[in-house]
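The values are calculated or read from the model by the stated rules, or taken from the named source; none is laboratory data. Treat the numbers as computed from the prediction; the structure is a model and nothing was measured. FYI the Cβ positions are ideal-geometry reconstructions off the backbone, even for glycines, and counts take in every protein chain you see. Side chains included, ligands, DNA and RNA excluded: accessible areas come from the protein's heavy atoms. Shrake-Rupley method; radii C 1.70, N 1.55, O 1.52, S 1.80 Å.
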Amino acid sequence: AALEEDVKDVTDAATANFIPLENRVAVFDLDGTLFCETDPVYFDHMLLMHRVLEDPNHTASEFELMVADKIQEFIDTGKSASDLMPLHGQAVASAFAGMTIKEFYDYVAEFAKTPSPGYNNMNRGDAFYLPMVEVIDYLQNNGFQCYIVSGTDRLIVRGAVQGLSFLNIPPRQIIGSDQLVVASSQADTDGLDYNFTSDDDLVLAGQFLLKNLRTNKVTTIQQEIGVQPVLAFGNSS
């Protein structure tokens with residue numbers, strides 16, 4: 001009721017609090033806000049566990065196995081190691097290095113189709129909170145641009161939500177942690193010294209760049225959206 005009252009106020013051109021369409025920006029955290037983060041831990045953590053421990057097409061490095069052990073400890077104890085977030089980001093980058101963007105999206109989408117442990121008749125990628133999806137629909141129907149701003153790798157989020165019939169957020173409105181992307185024939189050449197060709201594809205380079213958490217979310221919103229959101233959901237920090 002409070003949200004409806006506020007939206008009615010700010011979308012009425014006759015009120016002092018009217019917000020023009022170009023400034024109607026709402027941002028949503030993903031894990032624990034829109035999407036289940038206890039499955040048994042974050043979706044992206046379980047994706048890495050699958051890649052490292054269960055995928056016969058991938059030979060895990062010692063580093064990736066060490067990070068998987070830290071995730072298993074998190075699952076077993078409920079306590080996350082203080083360095084797990086950046087280590088996980090680098091492990092994701094290395095475990096999927098060499099994949100094209102499409103291959104990575106498709107891999108994530110296939111993992112999202114696997115059963116969600118502890119639930120009946122639900123896949124991991126279906127674990128969205130219906131009331132929050134309804135909030136997004138309501139805001140979009142009132143002229144708001146809704147962004148997902150997540151600590152999860154943005155490419156993982158894009159892969160997980162592609163094709164969902166109940167969530168209408170385009171890839172350009174998904175912000176998250178970042179790994180390096182390069183041209184398929186670029187090798188070690190700096191991007192300033194290499195020209196993308198018609199034969200190139202975009203591939204994951206295996207290098208983690210940024211964990212999009214806490215103040216990094218604030219600065220990334222400024223860099224990518226350019227206006228301060230008028231509504232922000234999730235993230236006590």
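Report, by residue number, each residue of region 76-98 that is farther than 17 Å from T152 by Cβ and of a type outside the set (S, T, N, Q).
Scanning region 76-98 gives D76, G78, K79, A81, D83, A97, G98.
Quick check: is even one residue across region 77-91 in a helix (DSSP H, G or I), in contact with a strand residue (DSSP E or B) (Cβ under 6 Å, 6 or more places away or on another chain) and under 20 Å from G206 (Cα atoms)? Let's see the steps before the verdict.
In the first step, residues of region 77-91 are kept if they are in a helix (DSSP H, G or I); the result is 77, 84-91.
Next, from what is left, pick out any that are in contact with a strand residue (DSSP E or B) (Cβ under 6 Å, 6 or more places away or on another chain): 89-90.
Subset that is under 20 Å from G206 (Cα atoms): 89-90.
The answer is yes, given that some residue of region 77-91 is in a helix (DSSP H, G or I), in contact with a strand residue (DSSP E or B) (Cβ under 6 Å, 6 or more places away or on another chain) and under 20 Å from G206 (Cα atoms).
Would you point out which residue out of V67, V7 is of a type outside the set (D, E, K, R), within 30 Å of N142 (Cα to Cα) and at pLDDT 95 or above? Please lay out each step first, then the result.
Values: V67 fails: within 30 Å of N142 (Cα to Cα).
Answer to the selection: V7.
Limited to region 134-163, what total is found for residues that are open to solvent by less than 10 Å² (accessible area, probe 1.4 Å) and more than 12 Å from the chain's Cα centre (by Cα)?
Total satisfying the criteria: 3.
For the condition of a type in the set (S, T, Y) and under 25 Å from D31 (Cβ atoms), what is the one hit in T189, T197, T215? Show your work before the answer.
Values: T189 fails: under 25 Å from D31 (Cβ atoms); T197 fails: under 25 Å from D31 (Cβ atoms).
Sole residue among the options that is of a type in the set (S, T, Y) and under 25 Å from D31 (Cβ atoms): T215.
Which of the residues belonging to region 59-74 are open to solvent by 50 Å² or more (accessible area, probe 1.4 Å) and aliphatic (A, V, I, L, M)?
Hits for region 59-74 are L65, M66.
What do you reckon, is Q179 within 27 Å of F63 (Cβ to Cβ), touching a strand residue (DSSP E or B) at 6+ places or on another chain (Cβ under 7 Å) and open to solvent by 20 Å² or more (accessible area, probe 1.4 Å)? Steps first, answer last, please.
Values: within 27 Å of F63 (Cβ to Cβ): yes; touching a strand residue (DSSP E or B) at 6+ places or on another chain (Cβ under 7 Å): yes; open to solvent by 20 Å² or more (accessible area, probe 1.4 Å): no.
Criteria not met by Q179.
Does region 197-220 include one or more residues that are on the phi < 0 side of the Ramachandran plot, among the basic types (K, R) and open to solvent by less than 20 Å² (accessible area, probe 1.4 Å)?
Checked against the condition, which is being on the phi < 0 side of the Ramachandran plot, among the basic types (K, R) and open to solvent by less than 20 Å² (accessible area, probe 1.4 Å), region 197-220 yields at least one hit.
Considering only residues that are closer than 19 Å to V41 by Cα and in contact (Cβ under 8 Å) with a residue 24 or more places away in the chain, which ones fall in region 115-132?
S116, P117, G118, R124, G125, A127, F128, Y129
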